[in-house]
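What follows is a short report on a single structure.
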Amino acid sequence: MHRDMSRILLIEDDPDCRTIVRTYLEYVGYEVLEEGDGEEGVRRAREEDPDLILMDISLGGMDGWEATRILKADPRTAPIPVIVLTAHALTRDQERSREAGCDGYLAKPVDPQHVAREVRRTLDERGRG
Ligand SMILES: [Mg+2]
């Protein structure tokens with residue numbers, strides 16, 4: 001099915017951060033789905049097959065690494081690019097993100113324009129946009 005608008009699933013437990021990122025991504029023309037925790041995020045990804053996932057790492061319950069590992073272990077969701085959003089701007093965390101199968105990495109506090117550029121670049125690379 002052809003869709004004009006790429007759909008981004010934003011998995012983030014901080015409502016302010018969700019609002020900032022969602023508002024900007026909608027402004028530049030994406031459809032944005034939101035979930036506030038890892039379990040619901042995984043469920044939504046399976047249900048909706050978004051074009052890309054923005055994944056917070058520090059979530060209540062399951063963290064973003066665990067959610068990413070689950071998504072990447074499932075052949076139905078493995079092709080969806082996952083970009084991590086995290087305040088843990090340490091090299092070790094970038095390594096952990098890669099080990100979990102994440103496709104990109106953005107440090108918090110998020111700059112919405114930077115997020116949008118990274119989303120665009122990743123979608124273009126994957127031919128999903
Ligand atoms: Mg968080």
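The values are calculated or read from the model by the stated rules, or taken from the named source; none is laboratory data. Quantities reported herein were computed from a predicted structural model and do not represent experimental measurements. Reconstructed Cβ throughout: ideal geometry from the backbone, glycine too, with neighbour counts over all protein chains shown.
Observations on the model:
- Matching entry among 101, 61 (being touching a Lys or Arg at 6+ places or on another chain (Cβ under 6 Å) and modelled with pLDDT under 95): 101
- Here residue 78 does not fit the description of being surrounded by 18 or more Cβ atoms within 10 Å (Cβ to Cβ), among the aliphatic types (A, V, I, L, M), out of contact with any strand residue (DSSP E or B) (no Cβ under 6 Å at 6 or more places or on another chain) and at negative phi.
- Taking residues in the stretch 105-129 that are free of Cβ contacts under 8 Å to residues at least 60 places away in the same chain, and partners anywhere that are part of a loop (DSSP other than H, G, I, E, B) and loosely packed, with under 15 Cβ neighbours inside 10 Å, the pairs with Cβ atoms closer than 7 Å and at least 6 places apart or on different chains are 107/89.
- Of the residues screened, residue 17 is one that is outside any strand (DSSP E or B), farther than 26 Å from residue 127 by Cβ, within 16 Å of the ligand (Cβ to nearest atom) and not aromatic (Phe, Trp, Tyr).
- Residue in the stretch 110-119 that is within 12 Å of residue 9 (Cβ to Cβ), out of contact with any Lys or Arg (no Cβ under 8 Å at 6 or more places or on another chain) and within 16 Å of the ligand (Cβ to nearest atom) present: no
- Qualifying positions in the stretch 15-30 - touching a residue at least 24 places away in the same chain (Cβ under 8 Å) and either buried (at least 17 other Cβ atoms within 10 Å of the Cβ) or touching a helix residue (DSSP H, G or I) at 6+ places or on another chain (Cβ under 6 Å) (or both): 17, 20, 21, 24, 25, 28, 30
- Here the condition is being farther than 23 Å from residue 94 by Cα, surrounded by 15 or more Cβ atoms within 10 Å (Cβ to Cβ) and touching a Phe, Trp or Tyr at 6+ places or on another chain (Cβ under 9 Å); of 7, 44, it holds for 7 alone.
- When the stretch 47-73 is filtered for residues that are in contact with a His (Cβ under 9 Å, 6 or more places away or on another chain) and surrounded by 18 or more Cβ atoms within 10 Å (Cβ to Cβ), only 57 remains.
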